[in-house]
Amino acid sequence: MIEARNVHKAFGSVKAVDGVSFVARDGEITGLLGPNGAGKTTTLRMLYTLMAPDRGQVLVDAIDAAIDPLGVRRRLGVLPDARGLYKRLTARENIDYFGRLQGLPDDLLKSRGDALIAALEMGDIADRRTEGFSQGQRVKTAIARALVHDPRNVILDEPTNGLDVMATRAMRRFVQRLKAEGRCVLFSSHIMQEVGTLCDRIVVIAHGRVVADESPDALRALTGEANLEDAFVKIIGSDEGLAA
Amino acid sequence: MNATGPTTPRRHAFLTVFFKEVRENLRDRRTMMSALLTGPLLGPLLFVMLLSVSLNRELDKSDRPLPVPVIGAAQAPNLIDALKAGGVVPGPAVADPERTVRRQDADVVLRIAPDYGNAWRRGEPVQVELFFDSSRRDTSAAVERVTRLVECYSRQQGALRLVARGLSPAIAWPLQVARRDQATPQSRAVLMFAMLPYFLVITLFMGGMYLAIDLTAGERERQSLEPLFANPVPRWQILCGKLAAICAFSLASLLIALLTFGVVGRLVPAERIGMELDLGPHFAANVLLLMLPLVPLLATLQSMVAAFAKSYREAQTYISLLMLVPIIPSLLLSFMPIKAQAWMYAVPLLGQNLGIMQLLRGDGVTGQQLGLCVAGSTATVILAVLATVQLYRSEKLAISS
């Protein structure tokens, strides 16, 4: 379970995140939805302890990120916005490196790596150097290395960004599978349809604030719009109206 | 699911980072070339080649028969014999000595006055002319040689004339200068080797340079630093693993360079001009000891500088500037002959420079000097590492865009 309690983060005079609170539960897919620059990535960065919030609290499985950041990171699998791979290492070596940093013993490392390579259908590229990988192959490798330690909580920052149709569908199937395994999945996106079909719960962020936190159906009902996209625009729009 | 964290004893994260960085960079041709080939080999080879060429030229000049066109040789057969004894090969007369020298057909031309024979027999002073061009520096040794031979002959004959008149030759020379050169064969070599410490530092620098850039600015540019920091490992451990990898490469560079200096040092014909050059195992071991603290120091400084840069290119620019720093003590010592004070040994780079020069002079370094040198540099390393760890804590460091 991932919990944000009234977190704030400012860069200079810009309030990137301005009091965000939400809960992402186990066995559920929580979508963080918002336009570009709404503060999604900054919020996620605070969740995986890359940044410390100016104010507020981050809890992962009830562990406070400010007190035990290493404990939090151990319980998280993270696909950050930056997906840089080590291009002179093979896909498997990339995965192994992160597994070792997570403290996995060698035998577990091997079996976890094999399982992920099978689940992500990347057997054909596993032993190739990652230099020259396609965007889809890169994302698969980045996800495999993020999940090698079998974390209960998974944070994915725009996992389908830059993927083609086939790769996107495969990615969605994989996210469903993570949910079925009982994990807490939190992912950000600015693609409405994706959030609508995948998520059990949608947290809409605009201007660094949570403007809605509902199930897709509740969101539609709340706004009186049958179409989620219209509902989304309405929420964001009304927020802008409020702010003005 | 692994909710409780690792249960089995695991390999230290520091080692994981270290081995990964070493493995990855062993696969990079540019890093390998720089660390194991161009850096450590090119330096010594170039150095020794230049040295050999200049030494050989010096040797040639002092030993080689020196052809000198002589005008009016028939007037002074005894002078010509004396010159011949000194290695001068008298050549046929030339019509225009000024032009001959200007056109560089000869380094020096000797003209004996036509009335030399008569004047000599009368015991009168007689003129002997030397034509040369002092702006051609490479001829100065030849001019010097002929001048000295002529003057020596003149003094000899003068002494004989005094003796013939029953006077002591000492009357003509009330003062006698006795030159007592305190240079040893080794210390004479030092002048030529003033840049050797710099070569060694640069080797060390080059060995770790690409790695240092790759491991900080490069990783940031590739956007792999953010996922790396999402792992449950304190950043200082990651930094230390990276520093250790840089050190491993630069240390390998230094070892190869020392080995190369040891081997090619034998090829330099230093002893033929009265110099002694010992670049053997004893020298190498002492240099290694002196320079050991510089290995982590340069690695840390490089990483620190590279951490400020946003891109690989930017880091390269900064690091090239940093490369100028180690040249300062070398320049200082070669242009301003400073008498070494004890505290100077504690200054990183300067201390190593002084120590290596002392080793080259054959004086050896005392335990105190060695201790100061190692202690001073080690203290600086600790400060630099602490500063870099602080820098690594910055939130901005991991973020690429």
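The values are calculated or read from the model by the stated rules, or taken from the named source; none is laboratory data. Bear in mind that the values here come from a model prediction, so they are computed numbers and not experimental data. Ideal geometry is used to build each Cβ from the backbone, glycine not excepted, and the neighbour counts take in all protein chains shown.
What the table below lists for this structure:
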{"item": "Extreme residue, nearest to B:Leu290 (Cα to Cα), among residues of region B:370-394 that are loosely packed, with under 14 Cβ neighbours inside 10 Å and within 14 Å of chain A (Cβ to nearest Cβ)", "result": "B:Arg393"}
{"item": "Exclusive hit being under 12 Å from the mean Cα position of the chain (by Cα) and more than 14 Å from chain B (Cβ to nearest Cβ), set A:Thr160, A:Thr197", "result": "A:Thr160"}
{"item": "Members of region B:287-339 that are among the hydroxyl-bearing types (Ser, Thr, Tyr) and surrounded by fewer than 20 Cβ atoms within 10 Å (Cβ to Cβ)", "result": "B:Ser311, B:Tyr312, B:Thr317, B:Tyr318, B:Ser320, B:Ser334"}
{"item": "Flag for B:Glu221 being modelled with pLDDT of 90 or more and either more than 32 Å from the chain's Cα centre (by Cα) or charged (D, E, K, R) (or both)", "result": "no"}
{"item": "B:Phe199 more than 29 Å from B:Leu397 (Cα to Cα), in the same structural domain as B:Leu391 (by TED's automatic domain parsing) and touching a residue at least 40 places away in the same chain (Cβ under 8 Å)", "result": "yes"}
{"item": "Identity of the residue in region B:224-244, within 13 Å of chain A (Cβ to nearest Cβ) and of a type in the set (A, V, I, L, M, F, W, C), that ends up farthest from B:Val385 (Cα to Cα)", "result": "B:Ala230"}
{"item": "Among (1) within 11 Å of chain B (Cβ to nearest Cβ); (2) outside any helix (DSSP H, G or I); (3) touching a Phe, Trp or Tyr at 6+ places or on another chain (Cβ under 9 Å), the one test that A:Ile125 misses", "result": "(1)"}
{"item": "Whichever residue in region B:175-207 is β-branched (Val, Ile, Thr) and not in a helix (DSSP H, G or I) and, among such residues, is modelled with the lowest pLDDT", "result": "B:Thr184"}
{"item": "Pairs where the first residue, in region B:130-150, is charged (D, E, K, R) and the second is not in a loop (DSSP other than H, G, I, E, B), C-beta under 6 Å, 6+ apart", "result": "B:Asp133/B:Val101"}
{"item": "Single residue of A:Asp81, A:Asp54 found to be more than 20 Å from the chain's Cα centre (by Cα) and of a type in the set (D, E, K, R)", "result": "A:Asp54"}
{"item": "Tally of residues being assigned to a loop (DSSP other than H, G, I, E, B) and of a type in the set (S, T, N, Q) across region B:208-237", "result": "3"}
{"item": "Check on A:Arg112, part of a helix (DSSP H, G or I), without any contact (Cβ under 8 Å) to a residue 40 or more places away in the chain and surrounded by 24 or more Cβ atoms within 10 Å (Cβ to Cβ)", "result": "no"}
{"item": "Filter result (farther than 21 Å from A:Asn161 by Cβ and in contact (Cβ under 8 Å) with a residue 12 or more places away in the chain) within region A:115-138", "result": "A:Ile117, A:Ala126, A:Asp127, A:Arg128, A:Arg129"}
{"item": "Pair list, Cβ under 6 Å, 6 or more apart: region A:22-44 residue buried (at least 23 other Cβ atoms within 10 Å of the Cβ), other residue of a type in the set (A, V, I, L, M) and part of a loop (DSSP other than H, G, I, E, B)", "result": "none"}
